[in-house]
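Below is one structure, written out as structure tokens; comments come after it.
The values are calculated or read from the model by the stated rules, or taken from the named source; none is laboratory data. Here the structure is a predicted model, which is why all the values come from computation and not from measurement. For neighbour counting, all protein chains shown are included, and Cβ atoms are generated from backbone atoms with ideal geometry for every residue, glycine included. With ligands, DNA and RNA removed, areas are computed over all heavy atoms of the protein, side chains included. Shrake-Rupley method; radii C 1.70, N 1.55, O 1.52, S 1.80 Å.
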Amino acid sequence: MTSHPITARVADGVSSISAADWDACAGTANPFVGHAFLSILEQSGSVGRGTGWQPLPIVVDDTDDRPGAIAPAYAKSHSQGEYVFDHAWADAWERAGGTYYPKLQVATPFTPVPGPRLLLRDQALAPALIAGLEALTDENGLSSAHATFVAPDQVPLFEAAGWLIREGTQFHWRNEGYRSFDDFLSALSSRKRKAIRHERAKAVEGLTIRHLTGAGLTEAHWDAFWVFYQDTGSRKWGHPYLTRPFFSLLGERMADQVLLILAERDGRPIAGALNLIGADTLYGRYWGCIEDVPFLHFELCYYQAIDAAIARALATVEAGAQGEHKLARGYVPVPTWSAHYIPDRNFRRAIADFLARERLGVESDRDYLGALTPFKRDQ
């Protein structure tokens with residue numbers, strides 16, 4: 001036990017903390033909580049003034065006056081870019097005469113990737129870090145604090161602090177020691193194998209597929225991908241979340257962790273999928289195209305990702321939020337969790353009741369979906 005009081009402080013953005021100190025807490029397994037990725041979001045203008053994501057990282061210093069625990073926190077003035085939807089909560093709070101925004105969000109912006117939300121060099125500091133999040137919420141009159149896509153091993157830490165736990169579902173691909181894509185297909189029913197082979201053949205007719213990483217990434221590739229990303233972002237969210245400089249900085253500072261998969265027709269990129277490479281997981285993030293090709297989305301985002309994961313001996317492919325269509329492509333439903341601090345007792349009671357009822361439906365749906373996977377059934 002420490003011999004002096006533990007206090008939490010609010011830092012002036014991720015960039016105000018040294019990469020060495022931040023990453024000593026964050027580790028290197030998940031690229032989305034590392035200093036490089038989060039500082040790129042700040043320095044590219046993707047978060048910060050005017051975006052509704054104001055960086056407020058919470059830091060608890062250890063006895064050596066170095067960060068021993070950090071939470072990547074943001075003051076939010078809306079609920080966009082989170083992928084754990086609380087719009088109904090906001091509406092209810094506003095109808096009751098309250099002000100839901102701003103709220104506190106502990107997350108990687110625009111990134112529905114499970115991972116640590118308490119970055120801990122010293123595990124014993126977890127309660128102090130959570131208490132710091134609560135104090136920031138209370139002292140500034142914020143309606144609530146939310147830690148989204150919490151790593152499973154950290155859910156009990158929030159639960160022990162009395163935060164409400166919400167359950168969701170994503171679809172991930174699991175590498176069962178496959179040696180090749182055909183080896184993976186052999187685990188599927190014959191009908192599903194035939195369907196996937198048909199999709200893959202149709203998707204790549206007349207196209208060249210390229211995997212780019214490290215020094216192979218150029219500004220020309222980012223120019224092409226920016227067009228794809230803008231098209232998808234405009235259709236999905238109304239406007240893209242990330243700025244063009246984000247992609248240049250990503251290529252400059254994290255190139256070896258980037259896998260950009262492009263489809264080219266006669267040497268011209270027509271579609272692309274952006275992935276980040278973690279310690280044991282390939283994370284699919286963004287996709288877009290300028291030409292409508294049947295099944296190309298599945299090819300670039302799911303099948304090529306499986307190819308890449310097998311080649312790298314990665315355990316998992318996480319292909320983003322939602323998407324029951326991933327089931328037929330060999331991705332299975334897995335639980336996700338978020339944690340919520342609601343200071344107002346009446347509001348907390350209503351949310352707790354809602355979450356208890358929602359959880360039953362989520363778990364029932366996941367059981368149902370799990371029975372629809374394309375894998376062979378035991379005889």
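Got a number for residues in segment 54-95 being surrounded by fewer than 17 Cβ atoms within 10 Å (Cβ to Cβ), of a type in the set (A, V, I, L, M) and touching a residue at least 40 places away in the same chain (Cβ under 8 Å)?
Summing the residues that are surrounded by fewer than 17 Cβ atoms within 10 Å (Cβ to Cβ), of a type in the set (A, V, I, L, M) and touching a residue at least 40 places away in the same chain (Cβ under 8 Å) in segment 54-95 gives 1.
Search segment 249-276 for residues that are closer than 12 Å to residue 289 by Cα and pair each with any residue that is surrounded by fewer than 22 Cβ atoms within 10 Å (Cβ to Cβ) and acidic (Asp, Glu) when their beta-carbon atoms are under 6 Å apart and the residues are at least 6 apart or on different chains.
Once the first residue is closer than 12 Å to residue 289 by Cα and sits in segment 249-276, its partners that are surrounded by fewer than 22 Cβ atoms within 10 Å (Cβ to Cβ) and acidic (Asp, Glu) give 270/291.
Kindly establish whether residue 188 is in contact with a Pro (Cβ under 6 Å, 6 or more places away or on another chain), in contact (Cβ under 8 Å) with a residue 24 or more places away in the chain and open to solvent by less than 20 Å² (accessible area, probe 1.4 Å).
Values: in contact with a Pro (Cβ under 6 Å, 6 or more places away or on another chain): yes; in contact (Cβ under 8 Å) with a residue 24 or more places away in the chain: yes; open to solvent by less than 20 Å² (accessible area, probe 1.4 Å): yes.
In short, yes.
May I ask you to say which residue of 179, 210 is open to solvent by 30 Å² or more (accessible area, probe 1.4 Å), under 13 Å from residue 300 (Cβ atoms) and outside any helix (DSSP H, G or I)?
On the way: 179 fails: under 13 Å from residue 300 (Cβ atoms).
The unique qualifying residue is 210.
Here are some conditions: (1) at pLDDT 95 or above; (2) open to solvent by 30 Å² or more (accessible area, probe 1.4 Å). Residue 199 meets all but one. Which one does it not meet?
(2)
In the set 89, 93, which member is at pLDDT below 95, under 26 Å from residue 166 (Cα atoms) and not polar (S, T, N, Q)? Break it down into steps so the answer makes sense when it comes.
Working: 89 fails: at pLDDT below 95.
Answer to the check: 93.
Across segment 299-317, what is the number of residues that are among the β-branched types (Val, Ile, Thr) and assigned to a helix (DSSP H, G or I)? Lay out the reasoning, then the answer.
First pass over segment 299-317, keeping only residues among the β-branched types (Val, Ile, Thr): 306, 310, 316-317.
With assigned to a helix (DSSP H, G or I) added as a condition, the list becomes 306, 310.
Residues in segment 299-317 being among the β-branched types (Val, Ile, Thr) and assigned to a helix (DSSP H, G or I): 2 in total.
Restricting the search to segment 139-182, which residues are charged (D, E, K, R) and touching a Leu at 6+ places or on another chain (Cβ under 9 Å)? Lay out the reasoning, then the answer.
Here is the first cut: in segment 139-182, the residues charged (D, E, K, R) are 139, 153, 159, 166-167, 174, 176, 179, 182.
Across segment 139-182, the qualifying residues are 166, 167.
Could you please find all residues in segment 311-325 being modelled with pLDDT of 95 or more, out of contact with any Asp or Glu (no Cβ under 8 Å at 6 or more places or on another chain) and crowded, with 19+ Cβ neighbours inside 10 Å?
Our first condition is that a residue be modelled with pLDDT of 95 or more; within segment 311-325, this holds for 311-318.
Within this subset, residues satisfying the condition of being out of contact with any Asp or Glu (no Cβ under 8 Å at 6 or more places or on another chain) are 311-313, 317-318.
Within segment 311-325, 317, 318 meet the criteria.
Only residues that are in contact with a helix residue (DSSP H, G or I) (Cβ under 8 Å, 6 or more places away or on another chain) and exposed (fewer than 14 other Cβ atoms within 10 Å of the Cβ): list them for segment 219-235, please.
The answer is 219, and nothing else.
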